[in-house]
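What follows is calculated from the coordinates using simple rules that are stated; it is not laboratory data. This is a predicted model, so every value here is computed, not measured. Every residue, glycine as well, gets a Cβ built from its backbone with ideal geometry; the counts of neighbours run over all protein chains shown.
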Amino acid sequence: MTALAARYEALVEAGELRPDSDQKRAVDRLVRLSEQLEAAPRRGSVIWRALGKKPEAVRGVYLWGGVGRGKSMLMDLFFACLDTPSKRRIHFHEFMLDIHDRLRAERAKEKGDPVLPVADAIRDEARLLALDEMVVNNTADAAILSRLFTALLAKGVTVVTTSNRPPADLYKHGQNRELFLPFIDLIEERLAIVPLNGPTDYRLERLGGMPTWYVPNGEEATAKLREAFFRLTDYSPDDAEHVPSEDIAVAGGRSLHVPKSLKGVAVFSFKRLCGDARGAADYLAIARKYHTVIIVGIPRMGPEKRNEATRFKVLIDALYEYKVKLLAAADAEPAGLYQAGDGAFEFERTASRLIEMQSDEYLSAGHGVEANGG
Ligand SMILES: Nc1ncnc2c1ncn2[C@@H]1O[C@H](COP(=O)(O)OP(=O)(O)OP(=O)(O)O)[C@@H](O)[C@H]1O
Ligand SMILES: [Mg+2]
């Protein structure tokens, strides 16, 4: 039995994962992929050199379905169990930022098609690419994806990816979509399309109807949010001190420290997020990267806190735009956070969004945004 099959079975056996027939089917497919990848001779190995040809790429997998179905969980399990050093797991959005950086560097050399050397470099770094949360919502990505993936697959890279949409719905209503259609054909032809769309949103189920907005700040609220964090990430509360932190890149070459970051969930204090001169670029970086954000210590703000209130408004706009789930501890309900001062009128929309963000409908929506124009 492969490591993946054994691991999955053990988790179901232990009651950590509920039996789910869609997940089982997806695991079977990923098990087959693990076997193929582990059996395939390394690129450049003696066997291929003797045969005088290049290895065919092993057929990858496109896992798609509604939120909380376990796509990222299964992909991570697959990735962790895969016995090869030549693997890379990255969020799709970060992957594309990296690609655009590399393309820019290649173009500056003025040496023909920049896509080929970039694909070469990616291939040399890893034979298996695991891309979480594929979503196409800008023309720059849409324009490059078909040629990039054609080159990657031709060079023997295997791609495993997750998405909330089937391939045919990627970049739906996007500008110049006809130029994007070859990418959809490529994905449908070259990857196994595996739906993971059972009836249960496990993330929502794990929150078990817990409130997402706690008043007031204090020990009780902190304890509740800690519990939510552990439910969402499976991290043992005993190890609370060891939850990893990370620094994420922000447009403009800056970075932002995230004190706690695990499995797409980030924890911040209000002070860190809105107390210093942070702005839209920071908040968008957070909104793109995390499906859930937990903020503690949101104060009631008077007129003297207008800068904090403005930053908080920009932060909430970014989270809302990307349908990021928000859990928070505050000293007031949303409507009571900032009632008098510059911009208090505009803040009413923030309060209204904060209320909507507590609804089941919002909580069960997918992370990310629709393509431009729809
Ligand atoms: N069969 C299961 N039983 C119990 N919990 C599960 C099961 N499958 C997944 N989960 C848990 O549900 C949560 C959501 O899963 P996951 O993050 O993989 O969803 P997803 O499909 O990637 O969602 P999204 O589209 O929002 O990224 C995780 O905490 C995961 O461990
Ligand atoms: Mg996911």
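The convex hull around the C-alpha trace of the stretch 105-223, projected and averaged over every direction, spans 12.2 square nanometres. Compute a Gaussian network model of the chain, connecting alpha carbons closer than 10 Å, and tell me which residue from L186, L315, L170 fluctuates the most. Per the Cα network of the chain with a 10 Å cutoff, L186 tops the list. Relative to the longest principal axis of the Cα atoms of the chain, the long axis of helix 71-81 makes an angle of roughly 50 degrees.
With all projection directions averaged, the alpha carbon convex hull of the stretch 215-374 covers 9.8 nm².
Calculation over all alpha carbon pairs of the chain in 10 angstrom steps from 0 returns a P(r) of 5, 21, 30, 25, 14, 5, 1, 0 percent. A dipole drawn for the chain from +1 and -1 charges on Cβ atoms has a positive end, and of L191, M73, A6 the residue lying farthest that way is L191. Spatial offset of the stretch 283-360 relative to the stretch 108-176 amounts to 34 Å, using the alpha carbon center of each.
Let me know the charge dipole size of the chain about its Cα centre in debye, to the nearest 20, where only the beta-carbon of Lys, Arg (+1) and Asp, Glu (-1) is charged. Mind showing how you got there, number by number?
Values: 52 positive and 54 negative charges, 242 e Å.
For the chain, the charge dipole is close to 1160 debye.
The charge dipole of the stretch 3-195, taken about its Cα centre with unit charges on the Cβ atoms of Lys, Arg (+1), Asp and Glu (-1) only, comes to about 520 debye. Taking trypsin sites (Lys or Arg not before Pro) across the stretch 239-347, the ones in a DSSP loop with at most 16 further Cβ atoms lying within 10 angstrom of their Cβ are K263, R300.
How big is the stretch 8-161 by the Kirkwood estimate over distinct Cα pairs, in Å? Could the numbers behind the result be given before it?
Working: mean 1/r = 0.0587 Å⁻¹.
Value: 17.0 Å, from the Cα pair sum.
Partners of K313 within straight-line reach, counting lysines whose Cα lies under 25 Å from its Cα and excluding those fewer than 8 residues away in the same chain: K224, K260, K271, K289, K305, K323, K325.
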